[in-house]
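Below is one structure; the comments refer to it alone.
The values are calculated or read from the model by the stated rules, or taken from the named source; none is laboratory data. Predicted model only: the values in this text are computed from it and were never measured. A quick note on method: Cβ atoms are made from the backbone with ideal geometry, for glycine too, and the neighbour counts reach across all protein chains shown. With ligands, DNA and RNA removed, areas are computed over all heavy atoms of the protein, side chains included. Shrake-Rupley method; radii C 1.70, N 1.55, O 1.52, S 1.80 Å.
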Amino acid sequence: MNLSPRPGASFSRAVLLLALIAHVVIAGVAWFARAHHGGDFFRYWTIATTTGRPYLDFQVEFPPGAFAVVKALSWSAPDLHQYESRLLVTNFLADASIFASLCWGWGSLAAGVYGAIAVPVLRLLYFRMDLWSIACATLAAAAWRRQRLGVCAAGLCAGVSLKLWPMCFVGWLVTGRRGRAIVAVAVAAGVLS
């Protein structure tokens, strides 16, 4: 039995560690810059605190799942500053889940490469809700690779409820010999709706 680490494992771990450090630093910068940056957070706060029926009484430019998250985060936030804090923490958790899904599906090198590639746009992403759908789609892709169709379906349904672009990956579930995946999509969609 060979107990030695596989070739390149230390390089993969080093890339992942450096990427994680960069993401934590960027998250910290975003945390301290939130009062000066805001991004789309003020728009989310306005939508979350507006009374009436969304989509009918006031405009909402994103799918119902994203509206539900934006609204839920506002329930415990007494003001915009606290709301921004909750959104940043949610984005940090989404970013961390992308790393975890990539490690689960493809290994530490893939997660490290994502971390390195995302660095130039990460500060922008921390002030928007895009990381949420990316996290869901990444989980779905990793689950597909590991042949966990129920998790894949749930990830895709959650991703589509947040943004529409993960819909492009639904074809994974209806191709080939994986017909039971259609049932998984229907169940996951029903649970999430």
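Loop-only check: which chymotrypsin sites (Phe, Trp or Tyr not before Pro) in segment 23-124 are DSSP coil with at most 12 other Cβ within 10 angstrom? Loop-located and lightly packed - Tyr55. Size descriptors for segment 1-146: radius of gyration and Dmax over Cα atoms are 17.9, 67 Å. Only protein heavy atoms count here; on that basis, with a 1.4 Å probe, Arg123 has an accessible area of about 100 Å². Name the shape class, rounded, prolate or oblate, that the alpha-carbon gyration tensor gives for segment 96-173, where a ≥ b ≥ c are the square roots of its eigenvalues, rounded holds for a/c under 1.5, and otherwise prolate holds if a/b is larger than b/c and oblate otherwise. Oblate shape, in that a/c is at least 1.5 and b/c is the bigger or equal ratio.
3J(HN,Hα) along segment 109-124: 5, 4, 5, x, 5, 4, x, 5, 5, 7, 3, x, 10, 5, 4, 5 Hz, from the Karplus curve 6.51 cos²θ - 1.76 cosθ + 1.60 with θ = phi - 60°, whole Hz, x for Gly and Pro.
Coupling constants for segment 25-35 follow from the phi torsions by the Karplus curve (6.51 cos²θ - 1.76 cosθ + 1.60, θ = phi - 60°), and in residue order they are 4, 5, 4, x, 4, 4, 4, 7, 9, 4, 5 Hz; glycine and proline get x.
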